[in-house]
Amino acid sequence: MRTFVYTSHPSRVVFGSGTVGRLREEVERLGRSRVLLLSSPPLAEASARVREVLGDAVVAEFDGAAMHTPVEVTERALAVLREASADCLVAVGGGSTTGLSKALALRTDLPQVILPTTYAGSEVTPVLGETRDGRKITQSLPAVLPETVVYDVDFTLSLPLAMSVTSGVNALAHAVEALYSADANPVTDRQALDAVSAIAGALPRLAADPADPDARADLLYAAWLAGTCLATVGMGLHHKLCHTLGGSFDLPHAETHTVVLPYAMAYNAPAVPDVMRRIAEALGVPDAPAGVHDLVASLGGPTSLRDLGMPEDGLARAAGLAASTPYPNPREVTAEGIATLLSDAWHGRRPT
Ligand code: NAD
């Protein structure tokens, strides 16, 4: 018998193709009529479509969302929000735009409707990481959880293949770490394993045809499941390492997840052989860490920290930082073990 605690995070999810058409009714369902539309310049076409659907309900726009949610950007958006007396946030974009929406919700308690355009999964988590004076501070609180998520597969078609691969592996990392989390439970396990097999199935189809709507739909569905895992259970070594590398060496978010995941899995594998067997089965490969490495390599994704611009002489500092604070992980985290892991990841050595 398994003993567990399971806490769900309430959010309404609308999923499909053309679902943007339901946006006005979703805003009205929240009893709101004055929208601040959040986006970023690469998503100008998507936000034009949102504007078309919402019509005069859009009372203001802000397209300056930036990676890691800098507070200066939030403060500028907050001024726009207050000037227009907006009563609802609608965000179209990836984790950065969702982060801005959450930061505004934290300060105003306004409801949020998110249209995700990547596979980061932030839209279903109560987690917000904000950057102030170069330091990222992460909080988890119900006030930042978006009320409604409108997944429209059509909005993901423009995500370039390279970003689709790294963002898809970012989602895979949420699912993998959920399976060996200290809070693992049967519901999250099922969601995580479904996400793993959907991601492994969809990414090669997407590489063959980046506009394949079924592959895009499978990947977006998996991103939702994986995001739900991230929201529900604590993450381990992999997320800690990516947080350290992103924060201290300014490495890009999804790319860092893509490089580090096979190495974090190989490090943890001896402590959780059964979990790795289940992941390998879901991936359809004999060995889970090597299978993830090979999948990324076959898709042309980044496989080494060197490729991401990580300086080799920063590895020792990164290992020290990652091992300095204790956190739940199936295998004991030692500075020596992490140094070996990071060296393998820097060189891009295939895990064995
Ligand atoms: P992102 O939101 O920064 O997007 C990357 C780039 O892709 C941006 O320039 C964006 O405009 C562009 N883009 C996004 N979707 C596009 C599309 N469909 N077509 C063309 N261009 C598109 O990247 P991300 O990886 O989604 O998010 C990363 C951020 O999210 C990080 O700050 C990370 O910390 C945060 N995050 C938070 C959580 C959480 O639960 N709080 C979870 C995952 C990620």
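Derivation of every value follows stated rules applied to the coordinates shown; laboratory data play no part. All values reported here derive from a predicted model rather than from experimental measurement. Note that we place each Cβ from the backbone using ideal geometry, even for glycine, and neighbour counts take in every protein chain shown.
Go through the range 162-177 and give me each residue that's more than 21 Å from S47 (Cα to Cα) and near the ligand (Cβ under 10 Å from one of its atoms). Scanning the range 162-177 gives T166, N170, A171, A173, H174. Of all residues in the range 305-335, those satisfying the criterion of being exposed (fewer than 15 other Cβ atoms within 10 Å of the Cβ) and under 20 Å from G348 (Cα atoms) are D307, G309, P311, E312, D313, A316, R317, A335. Would you be able to say whether some residue in the range 56-69 is surrounded by fewer than 20 Cβ atoms within 10 Å (Cβ to Cβ), under 16 Å from K102 (Cα atoms) and of a type in the set (A, V, I, L, M)? Yes, because at least one residue in the range 56-69 is surrounded by fewer than 20 Cβ atoms within 10 Å (Cβ to Cβ), under 16 Å from K102 (Cα atoms) and of a type in the set (A, V, I, L, M).
Take the range 224-278 and flag every residue that is more than 18 Å from A182 (Cβ to Cβ) and without any contact (Cβ under 8 Å) to a residue 40 or more places away in the chain. Scanning the range 224-278 gives D250, R277.
Please determine, by comparing only the residues of the range 142-161 that are charged (D, E, K, R) and within 12 Å of the ligand (Cβ to nearest atom), which one is nearest to L225 (Cα to Cα). The residue in question is D152. From V59, V20, V71, V35, grab the single residue that is farther than 25 Å from P160 by Cα and within 16 Å of the ligand (Cβ to nearest atom). One residue alone meets the criteria, V71.
Looking across the range 75-115, the residues that are more than 10 Å from the ligand (Cβ to nearest atom), assigned to a loop (DSSP other than H, G, I, E, B) and within 25 Å of F15 (Cβ to Cβ) come down to L110, P111. Residues in the range 38-56 that are out of contact with any strand residue (DSSP E or B) (no Cβ under 8 Å at 6 or more places or on another chain) and more than 10 Å from the ligand (Cβ to nearest atom): A48, R49, E52, V53, G55, D56.
Annotation note: of D218, D214, D250, the sole residue that is among the acidic types (D, E) and within 26 Å of A318 (Cβ to Cβ) is D250.
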